[in-house]
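Notes for the one structure printed next.
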Amino acid sequence: MQHGSMTDILDQKDIEILKSMKFDSRKPMGTVGENLGISKATVSRRVAKMEEEGLIRKYCLDIDHGKMGVMKSLVAVQIMGVPVSVVIENLKAHKEVGYVYKTFGDHHIVFEMYTKNVDDLYDFIQARLLNMPAVRNVEVDVLVERTSFNDNPELHVYESEIKGKE
């Protein structure tokens with residue numbers, strides 16, 4: 001669905017619904033509505049519309065991988081000579097790989113990598129990643145600790161855009 005500008009997609013009620021659900025997506029629609037002063041039916045209808053439009057893609061858990069003894073890293077890769085999609089297809093075969101992002105900058109892709117330790121990460125890079133076609137430069141950052149400063153930064157940016165138009 002194409003929209004004229006960023007602020008054509010959501011209104012303030014939608015943003016408030018998303019803020020409420022983002023922290024706890026299992027919160028009942030009735031509770032969300034009660035907290036926002038709107039009906040459960042209105043919340044349900046708006047959420048269904050946002051799901052239909054692909055704005056809400058899925059509902060998921062936030063698992064603390066560190067407590068499980070799993071190390072998370074960001075791996076940045078430069079690719080030469082083949083389309084980025086070729087390397088992304090190769091990465092699909094590796095269950096240790098999480099989200100893959102196409103990027104604009106020093107690297108062509110950045111992906112999340114989960115391993116038990118640095119040795120396993122090094123083995124993956126040496127034995128598998130560097131053997132993929134056209135993978136050139138690889139840089140790695142091991143993520144040590146995550147701190148959240150703002151629960152809804154993307155909604156804040158969108159909301160400030162709406163308020164700027166008023």
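The values are calculated or read from the model by the stated rules, or taken from the named source; none is laboratory data. Note that the structure is a prediction, hence the values are computed from the model and not measured. Cβ sites come from the backbone with ideal geometry, for glycine too, and all protein chains shown count toward neighbours.
Residues that are surrounded by 10 or more Cβ atoms within 10 Å (Cβ to Cβ) and in a loop (DSSP other than H, G, I, E, B) were ranked within segment 42-55; the one that is farthest from the chain's Cα centre (by Cα) is GLU53. Within the bounds of segment 134-141, is there any residue that is surrounded by 10 or more Cβ atoms within 10 Å (Cβ to Cβ), on the phi > 0 side of the Ramachandran plot and out of contact with any Asp or Glu (no Cβ under 7 Å at 6 or more places or on another chain)? Looking through segment 134-141, at least one residue is surrounded by 10 or more Cβ atoms within 10 Å (Cβ to Cβ), on the phi > 0 side of the Ramachandran plot and out of contact with any Asp or Glu (no Cβ under 7 Å at 6 or more places or on another chain). With respect to LYS58, is the statement that it is exposed (fewer than 13 other Cβ atoms within 10 Å of the Cβ) and not in a strand (DSSP E or B) true? Considered against the rule, which asks whether it is exposed (fewer than 13 other Cβ atoms within 10 Å of the Cβ) and not in a strand (DSSP E or B), LYS58 comes out as yes.
Contact map, segment 62-86: first residue under 12 Å from LYS116 (Cβ atoms) and in contact (Cβ under 8 Å) with a residue 24 or more places away in the chain, second residue exposed (fewer than 10 other Cβ atoms within 10 Å of the Cβ) and β-branched (Val, Ile, Thr), Cβ cut-off under 7 Å, separation 6 or more or different chains; the map is empty. Can you tell me which of LYS116, LYS102 is within 19 Å of the chain's Cα centre (by Cα) and of a type in the set (D, E, K, R)? Selected residue: LYS102, the only one of LYS116, LYS102 that is within 19 Å of the chain's Cα centre (by Cα) and of a type in the set (D, E, K, R).
If you go through segment 61-72 and keep only what is modelled with pLDDT of 90 or more and either surrounded by 13 or more Cβ atoms within 10 Å (Cβ to Cβ) or outside any helix (DSSP H, G or I) (or both), you end up with GLY69, VAL70, MET71, LYS72.
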